[in-house]
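Q: Pasting in a structure now, in structure tokens, and then I'll have a few things to ask.
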Amino acid sequence: MNAITFKTVASACALAAFALTAAAQTQTPTSPTPTGMSPAQMQKGGGSDEMKKSMMSGMDGMQKMQMSGDTDKDFAMLMKMHHQQALEMAKPEITHGESPELKAMARKIIKDQTKEIAQLDAWMKKNP
């Protein structure tokens with residue numbers, strides 16, 4: 001590498017380091033994090049990350065499910081997975097949410113969807 005190229009690369013590296021340092025220093029507690037939420041939002045909405053992880057895991061499971069070709073069986077299995085996701089999303093709302101209305105809805109979702117999961121399980125047991 002010749003001296004001019006080396007100086008150009010060194011100058012570019014120094015400029016990049018300066019820009020990164022300046023950007024880091026200008027971030028405030030409300031600056032978005034890689035998740036898209038500010039630290040304050042993450043603190044307040046601790047359940048948001050739990051819900052997102054649950055949703056992503058459930059979607060992954062539903063996408064990986066091998067379809068049997070039997071519409072009834074596939075419906076029962078996919079609905080069970082879907083309802084399980086709803087339960088997993090309702091739990092952090094009850095724990096971390098602030099809205100009494102939404103917390104009540106989350107409790108109702110858990111009650112109703114648990115019952116429906118049991119109904120789906122019973123159907124699948126009778127129809128292997």
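The values are calculated or read from the model by the stated rules, or taken from the named source; none is laboratory data. Here the structure is a predicted model, which is why all the values come from computation and not from measurement. Virtual Cβ from ideal backbone geometry, glycine too; neighbours counted across all protein chains shown.
Q: Would you point out the residue of region 46-90, among those that are of a type in the set (S, T, Y) and more than 16 Å from the chain's Cα centre (by Cα), that is modelled with the lowest pLDDT?
A: The qualifying residue modelled with the lowest pLDDT is S68.
Q: Let me ask something else about it. Among the candidates S99, S68, S57, single out the residue that is over 23 Å from M124 (Cβ atoms) and hydroxyl-bearing (S, T, Y).
A: Sole residue among the options that is over 23 Å from M124 (Cβ atoms) and hydroxyl-bearing (S, T, Y): S99.
Q: Now a separate question. Among the residues of region 118-125, is there at least one that is buried (at least 16 other Cβ atoms within 10 Å of the Cβ) and part of a helix (DSSP H, G or I)?
A: yes
Here's the yes/no breakdown for (1) farther than 16 Å from S54 by Cβ; (2) touching a residue at least 40 places away in the same chain (Cβ under 8 Å); (3) charged (D, E, K, R):
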| site | (1), (2), (3) |
| --- | --- |
| E93 | no, yes, yes |
| P100 | yes, no, no |
| K103 | yes, no, yes |
| I110 | no, no, no |
| Q113 | no, no, no |
| I117 | no, no, no |
